[in-house]
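Each remark here refers to the structure printed beneath this line.
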Amino acid sequence: MTTLALSLSGRDVLRSADLAPAEAEAVLELAAELKLDRYGQRLPGRTLGLLFKKPSTRTRVSFAVAIAQLGGAAVLLQPDELQLSRGESLADTARVLSSYLDAIAIRTFEQAELEEWAEAASIPIVNALTDEEHPCQALADVLTIRERFGTTDRLRIAWLGDGTNVCNSLGVVAGALGMRMVAACPAGYEPRGVDVVRDPREAVAGAHVLVTDTWTSMGREADAAKRLRDLEPYRLGEQLVGLADPDAIVLHCLPAHAGEEIDASVLYGPRSAVWQEAENRLHVQKALLTLLLS
Ligand code: CP
Ligand code: NVA
């Protein structure tokens, strides 16, 4: 077992920007190491609470497996089984849970609610997706890019479609690691802090990484029909892939909707790195937990 390059002991990760560039680098380096040492128990006895107010396949399972492989245990905190559902305050809940658990990963709607948890808890709170950010996904994405290209330096990322929570988080991490990201999206669908163009061909021309996400994120179902109409010109199909760098890879956080934001031939085609990307959720979260709890 190597000595950790740095510690994030006791920190919250609510947004991608909560990690300085050197800290994001340290997560990636440790993730690469842990990927080769899947069962190395670096956090024996530690416990991670998982509080999810939206559905999840990858995030919930990869966090539960992450803490188990590190020698600890996950505790599922079903919102409707907590006294929170009967009116106990968030602050009281966070205070009590802080005396049992070592960290909590939370998936919810409002970023402000996550901040309330962080304020009230004395243990690290990790964003497992909010309406605004998905920092763990962004870390898995940049690990995948680094594995495929051997570097992140000066690579160009083209984001297509809705400027989602994943896009917001990836833009920050990509910038921190020396990449440039441009998002092609229609008016009203812009991400935060990322350069925007309207023409998808302009974004993908010569790009090394093409990324998209669902057109109807969790909680946005009410205007799904309008979203599908507005975002139609931004579907990631083979024609767009053909304009990118010949070695370009395609990323998607999943779940994907083949025929909507991405064509099946691209999702399952030779340029797709989405399954490697999904696996990398496990490795980056193990690294993050190790740095937060060591
Ligand atoms: N990519 C992602 O966060 O997937 P889940 O919604 O399945 O966790
Ligand atoms: N933008 C999507 C990501 C799902 C992992 C959502 O928020 O539903």
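Each reported figure results from applying straightforward, stated rules to the coordinates on display, with no laboratory input. In this text the structure is predicted, and so the values were computed from the model without any measurement. Heads up, the Cβs are rebuilt from the backbone with ideal geometry, glycines too, and the neighbour counts pull from every protein chain shown.
Computed on the stretch 84-235, the Cα convex hull volume stands at 121 Å³ per residue. Remark on residue 126: its backbone amide H falls under 5 Å from those of 13, 104, 105, 106, a criterion applied only to residues 5 or more positions apart or on other chains, H modelled at 1.01 Å from N. Calculated mean residue ellipticity, 222 nm, the chain: -12000 deg cm²/dmol, from DSSP H runs (n ≥ 4) at -39500 (n - 2.57) each, averaged per residue and rounded to 500. Amide H contacts for residue 196 (H built 1.01 Å from N in the peptide plane; partners 5 or more residues away or on another chain; cut-off under 5 Å): 183. Based on every Cα atom in the stretch 1-76, Rg and the maximum pairwise Cα distance Dmax equal 13.3, 36 Å. The alpha carbon radius of gyration of the chain, expressed as a multiple of 2.2 N^0.38 Å, is 0.98.
You can think of it this way: the chain between residue 275 and residue 257 has 5.0 nm of extra reach, that is 0.36 nm per residue less the Cα-Cα gap. Remark: the stretch 167-212 is approximated by an ellipsoid whose semi-axes, taken from the C-alpha gyration tensor as √(5λ), come to 16, 14, 7 Å, largest first.
Annotation: the antiparallel percentage among DSSP beta bridges lying fully within the chain is about 0. Extension gain, residue 202 to residue 39, is 54.3 nm, computed as 0.36 nm per intervening residue step minus the present C-alpha separation. Stokes-Einstein at 25 °C, 0.890 mPa s, Kirkwood radius from Cα pairs: D for the stretch 17-146 in µm² s⁻¹? The calculation lands on 158 µm²/s.
Cβ crowding within 10 Å, taken as a proxy for footprinting-reagent exposure, orders 275, 159 from fewest neighbours to most as 275, 159.
Sequence-distant contacts, meaning Cα pairs under 8 Å at least 6 residues apart, place the relative contact order of the chain at 21 percent. Taking 23 Å as the straight-line reach from the Cα of residue 226, the lysines in range (excluding those fewer than 8 positions away in the same chain) are 54. Relative contact order of the stretch 108-232: 22 percent, from C-alpha pairs under 8 Å at least 6 residues apart in sequence.
Listed values for the stretch 102-110 are Karplus-derived 3J(HN,Hα) couplings in whole Hz (6.51 cos²θ - 1.76 cosθ + 1.60, θ = phi - 60°), namely 9, 6, 10, 9, 10, 10, 8, 8, 6, and x replaces Gly and Pro. The residues neighbouring residue 238, those whose beta-carbon lies less than 12 Å from its own, together hold a net charge of +1 under the Lys/Arg +1, Asp/Glu -1 convention. Stokes-Einstein diffusion for the stretch 46-103, with the hydrodynamic radius set to the Kirkwood value over Cα pairs and evaluated at 25 °C in a medium of 0.890 mPa s, equals 202 µm²/s. Among 81, 119, 133, the ranking by other beta carbons within 10 Å of each residue's beta carbon, starting with the fewest, stands as 81, 119, 133.
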